[in-house]
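K.L.:
Below is the structure I would like to discuss, written out as structure tokens.
No value in this document is a laboratory result; all are computed from the given coordinates. Just so it is clear, the structure is predicted and the values come from calculations on it, not from any experiment. Cβ placement follows ideal geometry from the backbone for every residue including glycine, while neighbour counts extend to all protein chains displayed.
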């Protein structure tokens, strides 16, 4: 199995945790002190790191550092858009499409050559 597959699965899971760590407190803890939200976010982020570190180690066996970063950005937007709509109940904006197109361009350039640094 190519390393990009398990790395991507782990990065998707880690991104779900990180998206909640970064933004869910805006909905759930908005009435609490910022440090309560920070502690809750750090607790959630621990699980993100437990998935993200092995994902990057696995991915780095076949992908360059730049390719790993662009892969992470693709996954971040793919996780963030549904989070905004389904969890935060915000409208999906056309700007997400433009951002996605920019990331598609970045993915093309960074993945067009094997071992691209």
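K.L.:
If one computes the Cα centroid of segment 9-76 and of segment 89-104, what distance in Å separates the two points?
P.N.:
Using only Cα atoms to place each centre, the spacing works out to 20 Å.
K.L.:
Sorted by packing (mean other beta-carbon atoms within 10 Å per residue), highest first, where do 83-90, 72-79, 8-15 land?
P.N.:
Averaged packing, sorted descending, gives the order 8-15, 72-79, 83-90.
K.L.:
Further question: Between residue 88 and residue 31, what's the calculated FRET efficiency when r is the beta-carbon distance and R0 is 22 Å? Round to 0.05.
P.N.:
So, using R0 = 22 Å, E works out to roughly 0.85.
K.L.:
Still on this structure, please answer the following. Let me have the 222 nm mean residue ellipticity of the chain computed from DSSP H runs of 4+ only, each contributing -39500 (n - 2.57), with the sum over all residues rounded to the nearest 500.
P.N.:
That calculation yields -23500 deg cm²/dmol at 222 nm.
K.L.:
Using Cα-Cα distances under 8 Å and only pairs 6 or more residues apart, what relative contact order does the chain have, in percent?
P.N.:
So the answer I get is 34 percent.
K.L.:
Convert 20 °C to kelvin, take the viscosity as 1.002 mPa s, use the Kirkwood radius over C-alpha pairs of the chain as Rh, and evaluate the Stokes-Einstein diffusion coefficient in µm²/s, rounded to a whole number.
P.N.:
Using the Kirkwood radius from Cα pairs, D works out to 139 µm²/s.
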